[in-house]
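Let me begin by presenting the structure, written as structure tokens, before commenting on it.
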Amino acid sequence: MKVTPTALPDVLLIEPRVFGDERGFFFESWNKRTLAAAGLDADFVQDNHSLSARNVLRGLHYQVAHAQGKLVRVCSGAVFDVAVDIRLSSPTFGRWMGMTLSAQSKQMLWIPPGFAHGFLVLSETAEFLYKTTDYWYPEHERTLLWNDPALGIAWPLAGAPTLATKDAAGRPLSLADVFA
């Protein structure tokens, strides 16, 4: 696996070695020993799998207690994936990075605790998989406003996104619960 820092150095791009032939392909999507040697030493407790239609925007989610690190990937379709640094003490506080993840590229992102995370579906549908380092606690979940002008996220939208009620009601960074 190749591990490369992104524009937000704590967010890592992970590119697995893919072995393919006329039968299909094989790759390791997680290898604790290999990734620990590359600096990503995480213990995962939960796997999540979602299916979303084109133009669905999910996020930007995080938990104020029981902060979750997430290893994310797409197994069908494509999404524009976004991470926002909401660690007040970080030199990259309030900055975001985004990139297209697809089933075709097989690339993954490591989004550490202290970041808000979301994605926009670019394909007809997309199946999104992510491993988390802590469990989901709905009472601690928060949503950062996906279109906060202070963040200026350049979502590749084709019209208005389809949002869940909680995502439409997200808080701007200036009013959000953030990490110290």
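The values are calculated or read from the model by the stated rules, or taken from the named source; none is laboratory data. Computed from a predicted model, the values in this text were never measured in an experiment. Cβ atoms come from the backbone with ideal geometry, glycine included; neighbour counts cover every protein chain shown.
Here Ala78 meets the list (1) buried (at least 19 other Cβ atoms within 10 Å of the Cβ); (2) closer than 16 Å to Tyr62 by Cβ almost entirely, failing just condition (2).
Residue-by-condition table, conditions (1) closer than 18 Å to Ala116 by Cα; (2) at pLDDT below 90; (3) buried (at least 18 other Cβ atoms within 10 Å of the Cβ):
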residue: Pro5; (1), (2), (3): yes, no, no
residue: Pro16; (1), (2), (3): no, yes, yes
residue: Glu28; (1), (2), (3): no, yes, no
residue: Leu51; (1), (2), (3): no, no, no
residue: Arg54; (1), (2), (3): no, no, no
residue: Gly59; (1), (2), (3): yes, no, yes
residue: Val64; (1), (2), (3): yes, no, no
residue: Arg73; (1), (2), (3): yes, no, yes
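Within the stretch 62-86, take every residue that is of a type in the set (Gly, Ala, Ser) and assigned to a strand (DSSP E or B) and give me the one that is nearest to Ala180 (Cα to Cα). Explain how you work it out, then say what you get.
Initial filter on the stretch 62-86 (of a type in the set (Gly, Ala, Ser)): 65, 67, 69, 76-78, 83.
Narrowing further to those that are assigned to a strand (DSSP E or B): 76, 78, 83.
Details: Ser76: 36, Ala78: 33, Ala83: 17 Å.
The residue in question is Ala83.
Working only within the stretch 31-49, note down all residues that are assigned to a loop (DSSP other than H, G, I, E, B) and either touching a Lys or Arg at 6+ places or on another chain (Cβ under 7 Å) or free of Cβ contacts under 8 Å to residues at least 40 places away in the same chain (or both). Give the steps one after another, and end with the answer.
Initially, the stretch 31-49 is screened for residues assigned to a loop (DSSP other than H, G, I, E, B), giving 31, 38-45.
Matches in the stretch 31-49: Asn31, Ala38, Gly39, Asp41, Phe44.
Out of the residues in the stretch 1-24 meeting the condition of being free of Cβ contacts under 8 Å to residues at least 40 places away in the same chain and in a loop (DSSP other than H, G, I, E, B), tell me which one is nearest to Gly94 (Cα to Cα). Among those that are free of Cβ contacts under 8 Å to residues at least 40 places away in the same chain and in a loop (DSSP other than H, G, I, E, B), it is Met1. Taken over the stretch 165-179, the criterion of being buried (at least 19 other Cβ atoms within 10 Å of the Cβ), over 14 Å from Gly94 (Cβ atoms) and small (Gly, Ala, Ser) is satisfied by Gly170 alone.
Just one residue in the set Ser52, Ser89 is in contact (Cβ under 8 Å) with a residue 60 or more places away in the chain and assigned to a strand (DSSP E or B); that residue is Ser52.
Filtered by the rule that a residue be of a type in the set (A, V, I, L, M, F, W, C) and surrounded by fewer than 21 Cβ atoms within 10 Å (Cβ to Cβ), the stretch 81-96 gives Leu88, Phe93.
Within the stretch 108-137, the residues that satisfy the criterion of being surrounded by 19 or more Cβ atoms within 10 Å (Cβ to Cβ) and under 21 Å from Phe25 (Cα atoms) are Met108, Leu109, Ala126, Phe128, Tyr130.
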